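Bear in mind that the values in this text are calculations on the coordinates, not laboratory data. All figures in this text were calculated on a predicted structure; none of them were measured in a lab. Cβ placement follows ideal geometry from the backbone for every residue including glycine, while neighbour counts extend to all protein chains displayed.
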Amino acid sequence: WSRRDRVERKRLALVSLASVALSRGILTEAIRFFYHRPRPFVVLQSVTRLIDVGQGEYFGSFPSGHATFFFALATAMYLHDKKWGWWFFAGAMLMGVARVFAGVHWPSDVLGGALIGVAAGWFADAMVMRWRRGWQDK
């Protein structure tokens, strides 16, 4: 592996970690702190819950934490390698659809999580690139 490959892998790891921490660890939790949306299986009697969640998770539907996490990861991968990024986005979309069919999220929860994840991925990449440029100038 060349030095450039190692630097790019480190950048990918840093962007991935930063985007996931920002999207899932900070933004999603901040929104859920102020906005308590019930999950579909709580509101709709016809929905059969396929995934067991704890009592404290009955009102943490928006945004989908899984969607924020995996779309942030997919965005980081896409910015590193477009071909692999599309595969990661496809996997994130399938996971989001599965969460809706499992009855634990509304479609808007997954869409909101996707938007937050993509935005966090772009933001983390921009900040890492800015930090690297500042570090290289010194």
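Structure values in brief
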quantity	calculated
Label corresponding to Rg and Dmax of the Cα atoms in Å when calculated from the structure given, among (i) 16.7, 55; (ii) 17.1, 62; (iii) 15.0, 41	(ii)
Rounded FRET efficiency, nearest 0.05, which uses the C-beta distance separating residue 21 from residue 58 and R0 of 22 Å	0.30
Ratio of Rg to Rh over segment 63-123 (Cα coordinates, Kirkwood Rh, two decimals)	0.98
Projected label distance in nm at residue 126 and residue 94, using a 7 Å step from Cα toward the beta-carbon	3.2 nm
Fluctuation leader among 124, 102, 92 - the chain, Gaussian network, Cα springs under 10 angstrom	102
On Cα atoms only, tilt of 107-137 relative to the major axis of the chain in degrees	20 degrees
Simple Cβ-charge dipole of the chain, Lys/Arg +1 and Asp/Glu -1, about Cα centre, in debye nearest 20	620 debye
Additional length obtainable on full extension of the chain from residue 84 to residue 133, 0.36 nm per residue less Cα span	15.1 nm
Mean residue ellipticity (222 nm) of the chain, computed from DSSP H runs ≥ 4 via -39,500 (n - 2.57), nearest 500	-23000 deg cm²/dmol
Counted charge near residue 64, where neighbours are those whose Cβ lies closer than 15 Å (Asp, Glu -1; Lys, Arg +1)	+2
